[in-house]
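Written out below as structure tokens is the structure these notes cover.
The values are calculated or read from the model by the stated rules, or taken from the named source; none is laboratory data. Computed from a predicted structure; not experimentally measured. For neighbour counting, all protein chains shown are included, and Cβ atoms are generated from backbone atoms with ideal geometry for every residue, glycine included.
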Amino acid sequence: MRLLIIVLLSTLLSCADVSARRPFLNLLPESREIEIGKAYVPYAIEEFDGLYPDREVQEYVRSVGRSLVKHTERRLPYEFYVVNSSLINAFALPGGPVMITRGLFMKLNSESELASVLGHELGHINARHHARFLEKQFGLNLLLNIGALLVGDKPYGQALLQFGQVGAGLLSLKFSRDQEREADQLGILYTHRAGYDPMGIIGVFEMFKSMERGGRPPEWLSTHPLPETRIAEAKGEIQKLRPQGAFITDTQDFQRMKAKLLKTQPSFEEFKKGSKAFSNRDYSLALTHFQRAVELYPENYVARAYMAYILANERRLEEAERQSRLALETMPDVFLTNYVYAYVKFFQRKNEESLRYLQRARQLIPDHASTHYYLGRNYEAMGQVSKALEHYRTALELSQGKAEWASDAKERLRRLGGM
């Protein structure tokens, strides 16, 4: 009995969440939390207009992030990304990934403000706020099997729908005031320990408040409530630390990276105009804006990928192939470039090559309906009917029969005997 009690106590203590400063039993193992966070990185990248395609900027943000994680309670595989969205936002995923938008970076004034934003998001991760949301909202069996959706060739329609639901929940997660207070406390502690001026967070908050009063509230406020009391509480936390001596407020590196982002801003403004025209199905106007975006900043791979998609639909396949290849070479490890390159190869009737890149796209984002439709088309062209049928069924289930290719997929199912 004594041995049993010791074993039970050891198990409970191993599950206790010490980083949140109070006991909490973790239903979701840390290894699975990490796996889930990694699984949704490609999903988040696409949701926020891709990665900013400058390696020096990405490495700079990683270096600031790495200086902070040395002082966090949890030893996790932290990663830091600048995503291309013009929205004023930053967010994290379970188990380590942290993302800041290009829009927010350009609003910041100093490296200490950048460190405070990253530190705050690290606070959410270390307090397991995302993991607790998952534990509360979704069945543990689903969470434990998320990784299984990313391997193998056989699609599972219903499970993929659930995968999308989890991702949507994570990217729209709204934190409580208590959770924000906790993330503030931890973030201030991390920045202080890393040698940054902890008042950086106050500068960020005041900038957000100024935008809110001006009628342009940042997107960050939609998921991170910022009542007036929160600024006072954050100042109180800083006073408790009694910061003394020299702290890093700003650096030349920060200002140089910000200047880079500002310089490429016109390219992304053109892309935004092109995206609006694309949504309105004015493809001629969209193509014009995407071409301007690439002329202004050749590394704007998202604009190139959209250009390639339009050109492929117009059967201008040689130019489509060139643009899709350049986009892929610029950013080979994201969903969009792999999917569009495969899309072009399908129209070129290079089915095996198209299939290879579609499979890569599916590994990155497994619940994208059109990926499954074109997997089906390639398998059908190659005479692998059973696999084609599986992907047509999955494509229809994921799209709920509303995609522009839905009637074609249904007809192919019927003709191939899969109805």
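Descriptive notes on the structure:
- Only one entry of E321, E390 meets the criterion of being assigned to a helix (DSSP H, G or I), modelled with pLDDT under 95 and either charged (D, E, K, R) or not assigned by TED's automatic domain parsing to the domain that holds G167 (or both), and that entry is E390.
- Criterion violated by E59 - all others in (1) over 23 Å from E219 (Cα atoms); (2) touching a helix residue (DSSP H, G or I) at 6+ places or on another chain (Cβ under 7 Å) satisfied: (2)
- Residue pairs whose Cβ atoms lie under 7 Å apart, sitting 6 or more positions apart in sequence or on different chains, and linking a residue in segment 330-344 that is surrounded by fewer than 24 Cβ atoms within 10 Å (Cβ to Cβ) to a partner that is hydrophobic (A, V, I, L, M, F, W, C) and not in a helix (DSSP H, G or I), are M331/L51; F335/I365.
- Exactly one residue out of R412, R377, R393 is buried (at least 18 other Cβ atoms within 10 Å of the Cβ) and touching a residue at least 60 places away in the same chain (Cβ under 8 Å), and it is R393.
- Some residue of segment 383-397 being basic (K, R) and more than 27 Å from P298 (Cα to Cα): yes
- S116 in the same structural domain as T191 (by TED's automatic domain parsing), over 14 Å from the mean Cα position of the chain (by Cα) and either among the hydroxyl-bearing types (S, T, Y) or assigned to a loop (DSSP other than H, G, I, E, B) (or both): yes
- Residue in segment 180-190 that is over 26 Å from the mean Cα position of the chain (by Cα), at negative phi and of a type outside the set (G, A, S) present: no
- Residues being of a type in the set (S, T, N, Q), crowded, with 18+ Cβ neighbours inside 10 Å, free of Cβ contacts under 8 Å to residues at least 60 places away in the same chain and not assigned by TED's automatic domain parsing to the domain that holds N300 are entirely absent from segment 183-205.
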